[in-house]
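Derivation of every value follows stated rules applied to the coordinates shown; laboratory data play no part. Quick caveat, the model's predicted, so the values are computed rather than measured. Every residue, glycine among them, receives a Cβ derived from its backbone with ideal geometry; neighbour counts consider all protein chains shown.
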Amino acid sequence: MLSIENLRSGYGRIEALHGVSIEVAAGEIVTLVGANGAGKTTLLRAVSGVQPIAAGRIRFQGRAIESMPAHARVALGIAQVPEGRQLFAPLSVEDNLKLGAWARRTTNFGADLHGIYELFPMLGALRHTTAGALSGGQQQMLAIGRALMAKPRLLLLDEPSMGLAPKVVDQILNVILDLKRNGLTLLLVEQNASAALAIADRGYVLETGTITASGAAADIQGDQRVREAYLGV
């Protein structure tokens with residue numbers, strides 16, 4: 001579904017990604033593991049179109065998209081849940097969700113909203129509450145729900161467990177698994193490497209802008225160097 005070849009990107013004269021190549025097959029959860037500053041968020045932003053690239057190719061379902069603006073990639077079926085959620089705090093839960101469907105140019109939200117409220121019943125009860133008044137876990141649920149309103153084929157998740165209590169993290173990870181069971185493809189960036197690898201099919205280790213290991217998630221989790229560097233074992 002997603003193929004990235006020799007991707008280079010950076011900020012000014014500082015290159016953050018040094019020829020990164022990864023693939024994500026339809027129906028997979030693929031996770032990117034790495035320390036802060038490794039380039040994980042830059043990679044997701046390059047895929048979604050909000051981070052310029054200097055070189056390389058990005059193909060989505062066989063189509064070159066590296067020159068497409070971000071909104072066109074959303075229309076093709078790519079949605080991102082950004083690090084820090086980036087909700088519209090003064091707007092209600094329901095209005096935030098409706099904005100997620102903006103690129104679809106539709107006003108028929110009923111069935112879509114019902115699906116999100118089934119996935120996150122708490123959001124249904126809080127639909128008229130402003131996003132800024134929600135707890136961290138509720139905000140993360142809303143950020144995921146907003147992205148799902150775009151009806152993506154590929155969902156990019158950037159640090160979905162950041163700042164959340166362990167019980168809420170488990171809820172979020174279970175939702176990610178449910179989305180996969182329903183046919184969604186997911187590319188997951190998560191500093192909680194152990195939790196991410198436990199639910200992923202495959203993984204890549206990104207170190208200072210370079211892929212240093214890749215393979216089945218179980219194999220990455222069993223790699224002693226990875227265990228020492230990222231799993232605290």
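Take every DSSP beta bridge with both residues inside the chain and express the antiparallel ones as a percent of the total, to the nearest 5. Don't skip to the answer; put the middle values down first.
Values: 22 of 39 bridges.
Of all bridge pairs located within the chain, approximately 55 percent are antiparallel.
Counting only the Cα atoms, the range 170-232 fills a convex hull of 84 Å³ per residue.
For the range 86-150, what is the convex hull (Cα atoms) projected area averaged across all directions, in square nanometres?
Numbers: hull surface 15.1 nm².
Answer in nm², one decimal: 3.8.
Kirkwood hydrodynamic radius of the range 1-132, from the reciprocal of the average inverse Cα-Cα distance over all distinct pairs: 16.7 Å. Protection proxy ranking of 71-84, 195-208, 168-181, by the mean of other Cβ atoms within 10 Å over each peptide's residues and highest first, is 195-208, 71-84, 168-181. Our summary of shape: the Cα atoms of the chain have principal axis extents of 47, 41, 32 Å, ordered from largest down, in whole angstrom. Here the range 121-233 was treated as a single set of alpha-carbon atoms; its pair distances binned every 5 Å from 0 give 2, 10, 20, 21, 18, 14, 7, 4, 2, 0 percent. Karplus-derived 3J(HN,Hα) values for the range 45-53, using 6.51 cos²θ - 1.76 cosθ + 1.60 with θ = phi - 60°, are 5, 5, 5, 7, x, 9, 10, x, 10 Hz; glycine and proline are entered as x. One chain, two ends: Asp170 and Thr210. Fully extended at 0.36 nm per residue, the span grows by 11.4 nm beyond their Cα-Cα distance.
For the range 150-166, backbone phi angles converted through the Karplus equation (6.51, -1.76, 1.60; θ = phi - 60°) give residue-by-residue couplings of 7, 6, x, 8, 10, 10, 9, 10, 10, 6, x, 9, 4, x, 9, 5, x Hz, Gly and Pro being listed as x. Quick check: the angle from helix 136-148's long axis to the longest principal axis of the chain, C-alpha only, nearest 10 degrees? The angle comes out at about 90 degrees. If the chain linking His71 and Gln191 were pulled fully straight, counting 0.36 nm for each residue of separation and taking away their Cα-Cα distance, it would gain 40.5 nm. Of all lysines in the structure, the ones whose alpha carbon falls short of 16 Å from that of Lys151, not counting any fewer than 8 places away in one chain, are Lys98, Lys180.
In this rough spin-label picture, where each label sits 7 Å from Cα along the Cβ direction, the Ile14-Ala111 distance is 4.7 nm.
Neighbour counts of C-beta atoms inside 10 Å place Arg85, Arg104 in the sequence Arg104, Arg85, starting with the fewest. Each residue of the range 168-182 is assigned a 3J(HN,Hα), and the resulting list reads 6, 4, 4, 5, 5, 5, 5, 5, 4, 5, 4, 4, 5, 4, 8 Hz, derived from the Karplus form 6.51 cos²θ - 1.76 cosθ + 1.60 (θ = phi - 60°), x at Gly and Pro.
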